[in-house]
Amino acid sequence: MDKDNKNKSSSWKSFIFWTLIVIVFSVTLTIQAMWFWQRDVFLQNSHIRPLLVKFCYTFLCTLPPTRDVSRFQMKNYVFHVISNNSLQLEAIFINKASFPQAYPDLQITFIDINDNSIIKKRFTPLEYLQPPPDKTRQMRAGASVHVKLDFMDMEKVIDDNKVVEGYRFEFL
């Protein structure tokens, strides 16, 4: 009888041990998947971020800056036709987030009536900010930026000194 109890005890210990191993690996795999596929959501979560800050403080690591490009908003923009093939965009965009964040890339896509892309231009902060920001500088919460962007070879979207097609702004 003693041997049976010992085998049952050993069997339960083994079961509990392997169950804990499976749980630890499952949690680790889930965290890695979230980090890989939804890193920004994971980093910006108001419940998780303070824990990550404490973790990084303890283990001397650094977190990437908080970022939510959906909180940038384009305001007061106007296109000026410079010539038959060049445009200039004057615009103001605002960081509506409650936290500072890195300056975004700005992409303008000119589209036809069927929403097909005609021309797509992407501008980095180094191209639209004067003077260019250093890598550590961020856009304050509530701050606005005035930009002037030049577009060349735009004869596909200019007719009679007007932008004849539509356009879409994206922050990346």
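Here are the numbers:
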{"quantity": "Check on residue 73, touching an Asp or Glu at 6+ places or on another chain (Cβ under 9 Å), closer than 17 Å to residue 146 by Cα and not β-branched (Val, Ile, Thr)", "calculated": "no"}
{"quantity": "Conditions (1) out of contact with any Lys or Arg (no Cβ under 7 Å at 6 or more places or on another chain); (2) more than 23 Å from residue 68 (Cα to Cα); (3) without any contact (Cβ under 8 Å) to a residue 60 or more places away in the chain: number failed by residue 119", "calculated": "(1)"}
{"quantity": "Boolean, residue 82 is in a strand (DSSP E or B) and touching a Ser or Thr at 6+ places or on another chain (Cβ under 8 Å)", "calculated": "no"}
{"quantity": "Single match in 52, 106 (criterion: among the hydrophobic types (A, V, I, L, M, F, W, C), at pLDDT 85 or above and not assigned by TED's automatic domain parsing to the domain that holds residue 150)", "calculated": "52"}
{"quantity": "Matching option when the condition is in contact with a helix residue (DSSP H, G or I) (Cβ under 7 Å, 6 or more places away or on another chain) and touching a residue at least 24 places away in the same chain (Cβ under 8 Å), among 67, 71", "calculated": "67"}
{"quantity": "Checklist (1) surrounded by 12 or more Cβ atoms within 10 Å (Cβ to Cβ); (2) free of Cβ contacts under 8 Å to residues at least 40 places away in the same chain; (3) not in a helix (DSSP H, G or I) applied to residue 131, failing item", "calculated": "(1)"}
{"quantity": "Matching residues, segment 34-61, being loosely packed, with under 11 Cβ neighbours inside 10 Å, hydrophobic (A, V, I, L, M, F, W, C) and at negative phi", "calculated": "36, 37, 51, 59, 61"}
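The values are calculated or read from the model by the stated rules, or taken from the named source; none is laboratory data. Computed from a prediction, not measured in an experiment: that's the story for all the values here. Here Cβ is always computed from backbone atoms with ideal geometry, including for glycine, and neighbour counts include all displayed protein chains.
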